[in-house]
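Below: one structure, written as structure tokens.
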Amino acid sequence: MATTKQRTLKDGSVSYEIRVSLGRDIAGKQILKYHTWTPTPNMKPRQIEKALEREKVLFEEKCRSGKVLDTSIKFAEFAARWMDVNKDIFSPAYKCLAIDLLARVNIAIGNIPLEKLRPHHLQEFYANLSEVGVKKTNTTAVTNKLATLLGERGITRTALSKTAGVAPITITSACQGKRVNGESASKIAASLGMEAGELFEITTPKEALSPKTILHHHRLISTILETAVKWQVIYDNPARRVEPPKMQKKEAAYLDDKEALLVAEALLTVSLKWRTVLMLLMYSGMRRGEACGLLWSDVDFDGNVIHITKANQYIPGMGTFEKSTKTESSNRVIKLPNEMMDLLYEYKSWQFEERLKMGDRWNDSGKIFTQENGLPIHPDSITAWTKEFREAHSFPHFTPHSLRHTSATLLIMSGVPARAVAARLGHADVSTTNSIYSHTIQTADAMASDIIGDIIKLPSIKSESRKIPPTKRLALVKN
């Protein structure tokens, strides 16, 4: 039988604690479930009495049917249950992110029962995350000895790459005295029979987490606690009363029209594969993963269009795999100019020749962009190659994702409506486009103002009006 206890809050309002006993556990401890009910304002005593009785019956039914969890459950235990319930709903990337974030969250608040979790616990946790040294920064390493050592031992970079199990581009970077991650440095040194510290200078930076990363922690905690409210484990979500870290809005990085043209010209001197990848990103505005997920069957050479229906993603421990696009609206058809379609056709012919050279070693994945053996390309390899290309030509900083922003920005500056750009980018709502490219849209609007001013010229009225004193001009406007 459910029992109630009236509570008077500091502001004078009244609430009722409903308690249901479900017997005793194996240790003989009474199992109690609690629920707080607050009458709506202006309810009369008789109405409160009837509503409270109804709330008692409903809550007891939920307790008996197992629909109400224990309010004393600790945050870490509930988070694990939340992850398990949603394991088939979350994307692989979100699962990895949640697991990574919960590793920190559970250390701080994992042992606190949900019923005792307060806003100050979260605020203190966020403050701790902003301290220097909290960030798990990867160890980096640099050396000026590797190239000489390989020469002395007669070892090629390709051979070292295979024995160390490290990508060729990483070996090249290390030989050029550029920084590589600590794990790669250890593998390289071990394959040469050395300790990493003998060959490399190891650095482990101490950094604080960025406001964006702290905000990710807050959003995850809030989502979990919001679920606890829905499941009636707790009455209120304490994360709602916490001020999350504020992020400064940054304009999307992009190349202007002159820089984009210089990049396009420089790409004429590189291999056809990389030229096709980067030019496709610039022409289409598609995401890097979407480009990696493209099949030749997605290309309509007659209609000059590409169908985007999937994307490739890499996650440590899972490797490269195919997934659905970011959102439903990301499934789209993109029209491309003749120049890009001609480049794609030329690249397809080149790939066919490479396929013949590989013979039975070729893996027929059907992907447009592949490794030498036909397997899907690693998304990060595009980023790594772009970095090498950018630095070799001393271009301003840009990444494959910057080319997406470049495509959108050049379209907006050319007068293409934001709604059309949003559809091309695969944004679910045009407001997303307006938010990301707000500065660009304002600049385009200013240009439009100048253009309309040049079309409709009223020089006499304009010059005379500016001679009128401000106070008199205001009076004219009011009259």
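The values are calculated or read from the model by the stated rules, or taken from the named source; none is laboratory data. From a predicted model like this one, the values you see are computed outputs, not experimental measurements. Glycine also receives a Cβ, built like all others from the backbone with ideal geometry; neighbour counts cover every protein chain displayed.
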Handout entry: Hits in region 76-108 - residues which are touching a strand residue (DSSP E or B) at 6+ places or on another chain (Cβ under 8 Å) and either exposed (fewer than 13 other Cβ atoms within 10 Å of the Cβ) or not hydroxyl-bearing (S, T, Y) (or both)
Key = P92, A93, C96
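Answer yes or no: is there a residue in region 342-352 that is under 19 Å from Y283 (Cα atoms), without any contact (Cβ under 8 Å) to a residue 24 or more places away in the chain and part of a helix (DSSP H, G or I). Explain how you work it out, then say what you get.
So in region 342-352, the residues under 19 Å from Y283 (Cα atoms) come out as 342-348.
Filter once more, keeping what is without any contact (Cβ under 8 Å) to a residue 24 or more places away in the chain: 342.
Filter once more, so that each one left must be part of a helix (DSSP H, G or I): 342.
Yes.
Would you mind stating whether G366 is under 24 Å from Y314 (Cβ atoms), in contact with a strand residue (DSSP E or B) (Cβ under 9 Å, 6 or more places away or on another chain) and without any contact (Cβ under 8 Å) to a residue 40 or more places away in the chain?
Values: under 24 Å from Y314 (Cβ atoms): yes; in contact with a strand residue (DSSP E or B) (Cβ under 9 Å, 6 or more places away or on another chain): yes; without any contact (Cβ under 8 Å) to a residue 40 or more places away in the chain: no.
Considered against the rule, which asks whether it is under 24 Å from Y314 (Cβ atoms), in contact with a strand residue (DSSP E or B) (Cβ under 9 Å, 6 or more places away or on another chain) and without any contact (Cβ under 8 Å) to a residue 40 or more places away in the chain, G366 comes out as no.
What number of residues within region 364-423 are part of a loop (DSSP other than H, G, I, E, B) and either under 18 Å from Y254 (Cβ atoms) or not β-branched (V, I, T) (or both)? Break it down into steps so the answer makes sense when it comes.
Filtering region 364-423 for residues part of a loop (DSSP other than H, G, I, E, B) gives 364-366, 368-369, 371-375, 377-378, 393-399, 414-417.
With the extra rule that they be either under 18 Å from Y254 (Cβ atoms) or not β-branched (V, I, T) (or both), the set shrinks to 364-366, 369, 371-375, 378, 393-399, 414-417.
Selection size over region 364-423: 21.
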Practice task
Please indicate, with yes or no, whether at least one residue in region 44-52 is in contact with a Phe, Trp or Tyr (Cβ under 7 Å, 6 or more places away or on another chain) and either surrounded by fewer than 12 Cβ atoms within 10 Å (Cβ to Cβ) or over 15 Å from A228 (Cβ atoms) (or both).
Solution key: yes
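Condition test on I315, is it in the same structural domain as L278 (by TED's automatic domain parsing) and buried (at least 19 other Cβ atoms within 10 Å of the Cβ)?
Values: in the same structural domain as L278 (by TED's automatic domain parsing): yes; buried (at least 19 other Cβ atoms within 10 Å of the Cβ): no.
It is false that I315 is in the same structural domain as L278 (by TED's automatic domain parsing) and buried (at least 19 other Cβ atoms within 10 Å of the Cβ).
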Practice task
Could you grab me the full set of residues in region 1-25 that are outside any strand (DSSP E or B) and surrounded by 14 or more Cβ atoms within 10 Å (Cβ to Cβ)?
Solution key: A2
Problem - Some residue of region 332-351 being basic (K, R), in the same structural domain as L278 (by TED's automatic domain parsing) and touching a Gly at 6+ places or on another chain (Cβ under 9 Å) - result: yes
Practice task
Test A266 against the criterion of being in a loop (DSSP other than H, G, I, E, B), surrounded by fewer than 19 Cβ atoms within 10 Å (Cβ to Cβ) and in contact with a Phe, Trp or Tyr (Cβ under 9 Å, 6 or more places away or on another chain), and give yes or no.
Solution key: no
Exercise for the section: Inspect region 387-403 for any residue being charged (D, E, K, R), within 30 Å of I441 (Cβ to Cβ), modelled with pLDDT of 90 or more and touching a His at 6+ places or on another chain (Cβ under 8 Å) and give the result as yes or no. Expected result: yes
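So that you can scan it fast, the table gives a plain yes or no per residue for (1) in contact with a helix residue (DSSP H, G or I) (Cβ under 8 Å, 6 or more places away or on another chain); (2) modelled with pLDDT under 95; (3) outside any helix (DSSP H, G or I):
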{"residue": "L261", "(1), (2), (3)": "no, yes, no"}
{"residue": "W274", "(1), (2), (3)": "yes, no, no"}
{"residue": "L278", "(1), (2), (3)": "yes, no, no"}
{"residue": "Y283", "(1), (2), (3)": "yes, yes, no"}
{"residue": "C292", "(1), (2), (3)": "yes, yes, no"}
{"residue": "D302", "(1), (2), (3)": "no, yes, yes"}
{"residue": "Q313", "(1), (2), (3)": "yes, yes, yes"}
{"residue": "F321", "(1), (2), (3)": "yes, yes, yes"}
{"residue": "R355", "(1), (2), (3)": "no, yes, no"}
Practice task
Could you tell me whether T140 is of a type in the set (S, T, N, Q), over 25 Å from F321 (Cα atoms) and exposed (fewer than 15 other Cβ atoms within 10 Å of the Cβ)?
Solution key: no
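One line per residue, one yes/no per condition, for (1) over 20 Å from H35 (Cβ atoms); (2) modelled with pLDDT under 90; (3) of a type in the set (S, T, N, Q):
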residue: L52; (1), (2), (3): no, no, no
residue: V68; (1), (2), (3): no, yes, no
residue: S91; (1), (2), (3): yes, yes, yes
residue: I99; (1), (2), (3): yes, no, no
Completion exercise
Filtering region 177-209 down to residues that are within 24 Å of G154 (Cα to Cα) and hydrophobic (A, V, I, L, M, F, W, C) yields V180, A185, I188, A189, A190, L192, M194, A196, L199, F200
Problem - Sole exception among (1) over 13 Å from V277 (Cα atoms); (2) out of contact with any strand residue (DSSP E or B) (no Cβ under 7 Å at 6 or more places or on another chain); (3) buried (at least 16 other Cβ atoms within 10 Å of the Cβ) for K310, by number - result: (2)
Practice task
With respect to I48, determine if the residue is more than 30 Å from K323 (Cα to Cα), aliphatic (A, V, I, L, M) and modelled with pLDDT of 90 or more.
Solution key: yes
Completion exercise
Here the residues within region 26-60 that are touching a strand residue (DSSP E or B) at 6+ places or on another chain (Cβ under 9 Å), assigned to a helix (DSSP H, G or I) and either touching a residue at least 40 places away in the same chain (Cβ under 8 Å) or farther than 22 Å from Q232 by Cβ (or both) are L52, K56, F59, E60
Problem - Single residue of region 395-428 satisfying the filter (touching a residue at least 24 places away in the same chain (Cβ under 8 Å) and charged (D, E, K, R)) that is surrounded by the fewest Cβ atoms within 10 Å (Cβ to Cβ) - result: R424
Exercise for the section: Determine if region 441-451 includes at least one residue that is at pLDDT below 90, within 30 Å of the chain's Cα centre (by Cα) and closer than 20 Å to S284 by Cα. Expected result: yes
Handout entry: Lone unmet requirement of (1) free of Cβ contacts under 8 Å to residues at least 12 places away in the same chain; (2) surrounded by fewer than 13 Cβ atoms within 10 Å (Cβ to Cβ) for E243
Key = (1)
Problem - Residues of region 107-166 classified as free of Cβ contacts under 8 Å to residues at least 24 places away in the same chain and closer than 24 Å to A80 by Cα, total - result: 7
